[in-house]
Amino acid sequence: MTENPLLVVGVRFSKVGKVYHFNASHIGDLKNGDVVVVETSRGTQLGEIIQIVKDPVLPSEGGWKLVERRATPRDLLLRQSWQQKEAEVISTSRVRVAELRLSGIKIINAEYSLDGMRLAILFSTDSDEKADLKSLRQDSQRLFAPAQVELRQIGPRDVAKFIGGMGACGKDSRCCSQFLTDFSSISIKMAKEQGISLTPAEITGMCGRLRCCLIYEYELYVEARQQLPKRNKQVVTPLGEGRVVDLIPLRGAVIVEIPEVGYREFLKEDIKPAEELENFEKKAQAPCEGPGSKEGCGKVPQRKNPKQNDHPRR
């Protein structure tokens, strides 16, 4: 019997969610856009194939879970019926939270598995302290039986992703709701490297956390800065020697303060470190060695007078 060729597919369970890999070799003839039924740690789920994985790398835990089968029209109708019940779960849970006076607890979403045997209620909290949800958990298990209920806390970024809406920058749709499938670690350093104002309004997203977009161009700025001298470094320019007071990474330029001239902008190709010129001068002033004279031996290059009639780069 001929063994089926390896077919690994990327499956996504929500519009903008993580992609998980599954083995579909026993089914074959699958393409992007097909809906399949898979078994996950959160029960049986419907997912959409968005990727046929080429040259898959075997995961460290041993292998891929199998795609159970293609989804049928009945599966799609069943999923729609569970989605309607999810809206009822959210409404009922919010009422119960108010009755129990659970301050700071917000019910965000609910997710049924395809067979209805598992129900995850997603919530957020305004406090960093662990909330006592024992009563809510017991009530939810009783109200939504026979499904096994799980209360799952999510962070502010995930809340913003579920709610959607306009971004802090004015975009009609937030990045997290539009295309971000995972959240990267964001730090203040990323804003500093890009010269962005550190006022909260400039660097904080609608979720109250640092904006995800701070990482988009961060590596580009880091790479560009590595090609430029640091602030307060002495450099030699076409208008004379001066001190670097600011960097313009994306233009590959620096702002230099030159005595008796002022502030001027120069491209990195037009400047040299002052130490390099000093070393050259020392070498030129050194006595010649050996018989005869060497060309340029003992000649000291003259630094340009900033009062000369040179025009700064515009």
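Given a Förster distance of 30 angstrom, what is the FRET efficiency for C169 paired with Q148, based on the Cβ-Cβ distance and rounded to 0.05?
0.15
Say R0 is 22 Å: what FRET efficiency, to the nearest 0.05, do K106 and S135 get from their beta-carbon distance? Calculated value: 0.85. The ranking of E111, E39 by Cβ neighbour count inside 10 Å, starting from the fewest, reads E39, E111. When the alpha carbon gyration tensor of region 25-76 is reduced to an equivalent ellipsoid, the three semi-axes, largest first, read 20, 15, 9 Å.
Computing Kirkwood radius over Cα pairs in Å directly from the structure and comparing it against [x] 24.1; [y] 21.4; [z] 25.8 singles out [z].
Less than 5 angstrom separates the built amide H of R152 from those of I121, L122, F123, all sequence-distant by 5 or more or on a different chain. Please go through the residue pairs K18/K106; K189/K233; K161/K189 and name each one whose alpha carbons sit more than 26 Å apart in this structure. Beyond 26 Å: nothing from the list. Set the bar at 26 Å for Cα to Cα. Now go through K15/K130; K15/K192; K192/K230; K15/K54; K65/K134; K15/K134 and name every pair that lies beyond it. From K15/K130; K15/K192; K192/K230; K15/K54; K65/K134; K15/K134, over 26 Å: K15/K130; K15/K192; K65/K134; K15/K134.
Only the coordinates and a few stated rules stand behind these numbers; no lab work does. Predicted, not measured: the structure shown is a model, and the values here were computed from it. No Cβ is skipped: glycine too gets one built from the backbone with ideal geometry, and neighbour counts run over all protein chains shown.
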